[in-house]
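The values are calculated or read from the model by the stated rules, or taken from the named source; none is laboratory data. Worth saying up front: this structure is predicted, and the values here are computed from it rather than measured. Here the Cβ positions follow ideal geometry from the backbone for every residue, glycine too, while neighbour counts run over all protein chains shown. All accessible areas refer to the heavy atoms of the entire protein, side chains included, with ligands and DNA or RNA removed. Shrake-Rupley method; radii C 1.70, N 1.55, O 1.52, S 1.80 Å.
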Amino acid sequence: MPDIVLATLNARYLHSAFGLRYLFANLDELQSRTVLLEFTIQQPTLDILAAILEQRPRIVGLGVYIWNIDETTRLVADLKRIRPEIVVVLGGPEVSYETEQQEIARLADRVICGEADLAFAKFCREQLEEPSTPAGDVPNLLTIDRSHVSNAPLPVLTDLVLPYELYSDHDIAHRVLYVEASRGCPFTCEFCLSALEIPVRQFPLESFLQSMQRLLDRGALQFKFVDRTFNLNLRVGRAILEFFLSRYRPGMFLHFEMIPDRLPDSLKDLIVQFPAGALQFEVGIQTFNEEVCEHISRRQDNAVVEQNLRWLKESTGVHIHADLIVGLPGETLESFAAGFDRLVGMGPHEIQVGILKRLRGTPIVRHDAEWRMIYSPHPPYEILSTRLLDFSAIQELRRFAKYWDTIANSGNFVETLICLWQAAAASADSVENDIPSPFFAFRRLSSWLFEQERKLHGIPLGRLVELLLTYLTDVLKQPATEVAANLWRDYQRGGRSDKPHCLRPYIDAAEIQATTSQRLPKVGPKRQSRHRTEGLDSDLGQALA
């Protein structure tokens, strides 16, 4: 039986626990006495507890995050009731800040704040009374006073054993593989935990690329880089792009987070060489409101951002995922709408409308009094109201965000959404200052959908098809045959062949051809593939031109 259990609760099975693998990789001689267990937040707490206790461990290390804090708190409470002698060690971003306020920290025996790659191993050696090892010779990894909460100093990245060998063949075939070439972020955006991770530190490039080569040799095709600023170090960014480009094979998919106003020609020259769908860039816009940017200490050249996004859309096959945040201090409904419309005009494939969260430790709280920022005290700590957006407005935007993700970001309604833009552009209800507004057009649809369904989740695809047909024909007065044709092509794009009941009369009447000609070979994950259609490619911006 192992002495140590390393465990966490992932949001979904598709995700893999990157942090646990780092801890395990750096346990050195304790690896043979350790087992790594992964669960999901959907599993019953008692089933997880039984699986852990079955190992009869002396130490249980748990990774705690915003998405699993409630479930992990219940797990630790039950674990200490049943086996109080087991030493419970917590780590992760959710317990690294404001630790004294958390019930789970009170229940645990030790909380290690910060990057615990080496500190966890040292603590386990002390608990198991192991002799000193070379890895344990690193001084002051933890304070020696046995305090309940310990701060792990930033490890030197050259001292870390990389964890990529711990991805199993099953992981490679079925799960997201997280990788990182750097840690930290040079920016100080006050809503983000990365603002606390200064400076940026690079892993040794040669050993990192060697690890990537071994994953490729084992059949890995999809890599999600968790670096906060992939394109900050141009030398490293170029080297990584060159590495994967020279080894490209069909099905390869690389996800990067990028600084939106930093895209020099030296990177562009490489980006354009990747096939369509091979790259996904997550572009954090957050807001186009210059005053809001100042409030939250965000540096961003919006003119360059727009120039770069338009270049990516028009000149490359990159799948563009852009982020906006609802509820930032100083943001009004009108300014958010203007930013949303501006972003739609740039044509990203997905726009993630996120609700502001008060992450533990972030300095966004300094605005609470001036802007009357009220957050939920429960995970994920979302904003409930501000001085400029009351509770009902935030709720409306939350519904907007969910329906937008279901309809637009999913790629299930690419042509239908363009039909919505074109129809709404002719409607006075969707025009602000004599300019067609995607935000107000979709806001109207969102309100109508909620009136019909009174829920945000669990709406079957067939029901969405029926709702959109009704909205476009009855509310926006569009020709039913034309709307049905768009819906039918969208429906088939995902590889479906059954005919939704509501479309059958129009499909038969119009003698619509089977849309296999509309489908493109699958590139990357299914969601991204659905956005790509010959001659269309989610061109929402042009529909409003």
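Laid out as a table, the results:
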read-out	value
Theoretical FRET efficiency, 1/(1+(r/R0)^6), r = Cβ-Cβ of R463 and R74, R0 41 Å, to 0.05	0.75
Charge-dipole axis of the chain as Lys and Arg at +1 and Asp and Glu at -1 on Cβ define it, positive-most pick from F120, Y506, A278	Y506
Cut-off 16 Å (backbone N to label point 7 Å along Cα→Cβ of E294), residues of region 331-354	331-332
Ranked packing of 115-124, 408-417, most packed first, by mean Cβ within 10 Å	115-124, 408-417
Accessible area (Å², 1.4 Å probe, nearest 10) - D405	50 Å²
Full-stretch length increase - A426, K526 - with 0.36 nm per residue and alpha-carbon distance subtracted	32.7 nm
Loop-located trypsin sites (Lys or Arg not before Pro) in region 195-301 whose Cβ has at most 15 other Cβ within 10 Å (DSSP)	R218, R247, R299
Restricting region 342-410 to GluC sites (Glu not before Pro) in coil, as DSSP defines it, with at most 11 other Cβ within 10 Å	none
Point-charge dipole on Cβ atoms (K/R +1, D/E -1) for region 195-259, about Cα centre, debye to 20	140 debye
Highest to lowest packing among 383-393, 473-483, scored as the average C-beta count within 10 Å	383-393, 473-483
Per residue, in Å², the accessible surface of the chain once ligands and nucleic acids are set aside, probe 1.4 Å	42 Å²
Stokes-Einstein diffusion coefficient of the chain, Kirkwood radius over Cα pairs, 10 °C, 1.306 mPa s, in µm²/s	62 µm²/s
Vicinal HN-Hα couplings computed from phi for region 487-502 (Karplus, 6.51 cos²θ - 1.76 cosθ + 1.60; Hz; Gly/Pro x)	5, 5, 5, 4, 4, 6, 4, x, x, 8, 10, 6, 9, x, 4, 5
Selected from Y22, L154, S385, residue furthest toward positive end of dipole (the chain; charges at beta carbon)	Y22
Positive-end extreme of charge dipole, the chain - chosen from L205, P329, L49 (charges on Cβ)	L49
Cross-link pairs K313/K402; K402/K526; K80/K122; K224/K499; K224/K357; K402/K499 - those with Cα-Cα distance over 31 Å	K224/K499
Segment S266-S246, length gained on full extension (0.36 nm per residue, minus Cα span)	5.6 nm
Relative contact order of the chain, defined on C-alpha pairs under 8 angstrom at six or more residues apart (%)	10 percent
